[in-house]
Amino acid sequence: MQWYIVALLLTVLTSSQGILTTLSQSNGRYDYDYATVPFLAEVFKLLVSSLFLWKESQKSPSPKMTTDWRTVRLYPIPSIIYLIHNNVQFATLTYVDTSTYQIMGNLKIVTTGILFRLFLRRKLSNLQWMAIILLAVGTTTSQVKGCGEASCESLLSAPIQGYMLGILSACLSALAGIYTEFLMKKNNDSLYWQNVQLYTFGAIFNMARLVADDFRGGFEKGPWWQRLLNGYSITTWMVVINLGSTGLLVSWLMKYADNIVKVYSTSMAMLLTTILSVYLFNFKPTLQLFLGIIVCMMSLHMYFAPPQMLVDLPPVVKSEDLECLVEVSSDRRTDS
């Protein structure tokens, strides 16, 4: 499968994620425990990956599966980074409002590019660096509201702790993605075997979070496994399947493409979600939204288009034409 098809699917699924989550609410609130959704999504990804691994093992030759502990022990690290990142997110929101946090979250586009270069040693051209910065500018522009509104003032009036935590959150988000790509490309193991390891630890860490929530709440609502599916509807299950399918597509991109492709997919998904919200939730589009979309489209073209499409290169002179020119010039000298 071509990477751009997977990237397009990821964009569509990611854009529908927020919409499905909103539709799963009842009277503005969740009838289910939202913390159970990531856990079930990890279980879904684990089951799907296990099924594909089993089908792959029936073929000849059998898939490569490294079981050495020194390799397996690396797979909990992404879950640990995401766990720290989630806690930093909550800490950041104590200092800044939601709009400011959303805008600051676009820093992860630039930090991903920086870590992509530093840790994976992947060289980016000057045009690609400009495209990444343009993508961050475009997504930020699309999220900024009118300059006379309070959200614009709050962006510049947050305490320094909020900005520092926002930068840390962006770095952790980028680090988790970069490390996952390193892990997926570290050897030639089967993608599904790598997924089984990743999602096993992901399910364990999400289950640990549910247990911790029970202890913090004093088990007022009972243990998490007794209320795991309470309040679930068809829309809620669609959220779980959507989240799980998104994770499977991301792992494919980490294995066969790279983090920058994922960043573009998720950024375009955010813009697509905003556009769909205009029709589904009567969201009023702004000038900033249209400008942001234009900038993001320019960034997309700059990053992935061949250089000759972006720069007017001088025409290449063929060797036959060069020989003809030499003969003509020598004839002219002889005549003179």
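Listed here are the residues, each with its yes/no results for (1) surrounded by fewer than 14 Cβ atoms within 10 Å (Cβ to Cβ); (2) part of a helix (DSSP H, G or I); (3) free of Cβ contacts under 8 Å to residues at least 40 places away in the same chain.
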{"position": "5", "(1), (2), (3)": "yes, yes, yes"}
{"position": "15", "(1), (2), (3)": "no, yes, no"}
{"position": "21", "(1), (2), (3)": "no, yes, no"}
{"position": "38", "(1), (2), (3)": "no, yes, no"}
{"position": "42", "(1), (2), (3)": "no, yes, no"}
{"position": "49", "(1), (2), (3)": "no, yes, no"}
{"position": "54", "(1), (2), (3)": "yes, yes, yes"}
{"position": "61", "(1), (2), (3)": "yes, no, yes"}
* Single unsatisfied condition, residue 273 versus (1) over 24 Å from residue 83 (Cβ atoms); (2) free of Cβ contacts under 8 Å to residues at least 60 places away in the same chain; (3) touching a helix residue (DSSP H, G or I) at 6+ places or on another chain (Cβ under 7 Å) -> (2)
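So which of 278, 250 ends up being open to solvent by 30 Å² or more (accessible area, probe 1.4 Å) and touching a Pro at 6+ places or on another chain (Cβ under 6 Å)?
One residue alone meets the criteria, 278.
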* Go through (1) open to solvent by less than 30 Å² (accessible area, probe 1.4 Å); (2) at pLDDT 90 or above; (3) not hydroxyl-bearing (Ser, Thr, Tyr) and name the single condition residue 294 misses. => (1)
* Asked: Does residue 265 satisfy being open to solvent by less than 60 Å² (accessible area, probe 1.4 Å) and either more than 30 Å from residue 120 (Cα to Cα) or at pLDDT 80 or above (or both)?
  -> yes
* Could you list, in sequence order, the residues of the stretch 117-135 that are among the aromatic types (Phe, Trp, Tyr) and closer than 27 Å to residue 293 by Cα? -> 129
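Can you name every residue in the stretch 93-140 that is in a helix (DSSP H, G or I), of a type outside the set (A, V, I, L, M), open to solvent by less than 50 Å² (accessible area, probe 1.4 Å) and modelled with pLDDT of 90 or more?
Keep residues of the stretch 93-140 that are in a helix (DSSP H, G or I), which gives 93, 98-104, 107-118, 126-140.
This time we only want the ones that are of a type outside the set (A, V, I, L, M), so: 98-102, 108, 111-113, 116-117, 126, 128-129, 138-140.
Within this subset, residues satisfying the condition of being open to solvent by less than 50 Å² (accessible area, probe 1.4 Å) are 99-101, 111-113, 116, 128, 138-140.
111, 112, 113, 116, 128, 138, 139, 140 - these are the residues of the stretch 93-140 that are in a helix (DSSP H, G or I), of a type outside the set (A, V, I, L, M), open to solvent by less than 50 Å² (accessible area, probe 1.4 Å) and modelled with pLDDT of 90 or more.
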* Could you tell me whether the stretch 301-312 includes any residue that is open to solvent by less than 40 Å² (accessible area, probe 1.4 Å), modelled with pLDDT of 80 or more and under 30 Å from residue 19 (Cα atoms)? => yes
* Members of the stretch 213-235 that are open to solvent by 50 Å² or more (accessible area, probe 1.4 Å) and of a type in the set (Val, Ile, Thr) -> 234
* May I ask you to list the residues in the stretch 227-277 that are farther than 27 Å from residue 304 by Cβ and not hydrophobic (A, V, I, L, M, F, W, C)? => 227, 230, 231, 232, 233, 235, 236, 244
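The values are calculated or read from the model by the stated rules, or taken from the named source; none is laboratory data. Computed from a predicted structure; not experimentally measured. Cβ: placed from backbone, ideal geometry, glycine included. Neighbour counts: every protein chain shown. Accessible surface is based on the protein model in full, side chains and every heavy atom, while ligands, DNA and RNA are left aside. Shrake-Rupley method; radii C 1.70, N 1.55, O 1.52, S 1.80 Å.
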